[in-house]
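Only one structure is covered here, and it is reproduced in the block below.
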Amino acid sequence: EAQQMKERVQELCGVMPASQKLIFKGKARQDAETVAAAGMVCGDKLMLMLSPEGVKEMKQEEERLAGEKRKQEAVEAQQMKERVQELCGVMPASQKLIFKGKARQDAETVAAAGMVCGDKLMLMLSPEGVKEMKQEEERLAGEKRKQEAVEAQQMKE
């Protein structure tokens, strides 16, 4: 249905369906009209027209996304190491982040390193880091065993 297409455009562009008009073969399509009823086939072109409010919504979404991108580009290697610590229990001092064959400095940002979405970043751990990670795994396994014992005891009662 045209309404489903409008909702998908909203997901991708941030433009509310009410601000969109879908046109196929010179005719505006009704929200309940199906692709088959309109006679569309794979490869056909569909025109999307936006109301002035729709254009404004799209610009606001672009600005929001640009702000998010700036925040991501400002992420420093130290912040990534701290996130690894949260996830794996390995202290930042025991970590080395390597991108394009070079160890990254803690204050270096993603943008300064030239990283883009989809790039691979290698995490190397010192021997102490490996030990910390194993200790964290053991701690989590112990917590899981305790939780399972509590649940088993509760089931008996």
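The values are calculated or read from the model by the stated rules, or taken from the named source; none is laboratory data. Computed from a predicted model, the values in this text were never measured in an experiment. Using ideal geometry, Cβ is built from the backbone for each residue, glycine included, and neighbour counts are taken over all protein chains shown. Each accessible area value is taken on the protein alone, full model and side chains, heavy atoms only, with ligands, DNA and RNA left out. Shrake-Rupley method; radii C 1.70, N 1.55, O 1.52, S 1.80 Å.
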Within the accessible area of the chain (1.4 Å probe), percent carbon and sulfur: 56
Shape category assigned to the chain from the gyration tensor of Cα positions, a/c cut at 1.5: oblate
Lys pairs, segment 49-152 - Cα-Cα below 21 angstrom, 8 or more residues apart or on other chains: 21
Packing rank of 92-103, 117-128, where each peptide gets the mean count of other beta carbons within 10 Å, highest leading: 92-103, 117-128
Ranked by how many other beta carbons lie within 10 Å on average, peptides 44-57, 3-16 from highest: 3-16, 44-57
Reachable aspartates and glutamates from Lys156, criterion Cα separation under 19 angstrom, eight or more residues apart if same chain: Glu148
Kirkwood Rh, Cα atoms: Rg over Rh of segment 89-157: 1.26
Degrees between helix 2-13 axis and first principal axis of the chain (Cα, 0 to 90, nearest 10): 50
Between helix 52-73 and the chain: long-axis angle, C-alpha atoms, 0 to 90°, nearest 10: 20
Pairwise FRET efficiency - Met155 versus Leu87, Cβ, R0 = 30 Å, nearest 0.05: 0.45
Helix 77-88 vs. the chain, principal-axis angle (Cα, 0 to 90°, nearest 10): 70
